[in-house]
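Here is the structure we will look at, set down as structure tokens.
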């Protein structure tokens, strides 16, 4: 009886941790299924959404383990304002640690809107250019990040 209680309590305590990981994993799994069904369409959507030539998209797809990993290379590059090549440089030695660790290594701060969107799997492959109508992806758009920099909102005579 005590053993069952300990297992149940452990499951309750770990559930929030598992839920955010599950959401990103679910998104990536579904993206892989979609990509494998139509690699040409997948490449074209990434190309348009992230304003990258299709040959560059295809080169990244051939470099990573899964098509969804290619999407994440471009998504994190956009979030962190880094080139896909820089993201790949961080991805290769850190891919076993997960996308959260890669995001941190690229300078995406835990607690930021971008990091929360990543962990929640609140990402999308729309095939629309970033900033176009209907694009609600996290980023540095109008109003984002204002007042959270060094010295903003703090008294000068501290």
(message) Rg and Dmax in Å for the stretch 41-93, alpha carbons only: what are they?
(response) 9.8, 29
(request) Please give the contour-minus-distance gain from residue 33 to residue 96: 0.36 nm per residue of separation, less the Cα-Cα distance, rounded to one decimal in nm. (result) 20.6 nm
(request) Please give, to one decimal in nm, the separation of the simple spin-label points placed at residue 56 and residue 85, each 7 Å out from Cα toward the Cβ. (result) 1.0 nm
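Read-outs: derived from the displayed coordinates by stated rules, not from any lab. What you are looking at is a predicted structure, and each value in this text was computed from that prediction instead of being measured. Cβ: placed from backbone, ideal geometry, glycine included. Neighbour counts: every protein chain shown.
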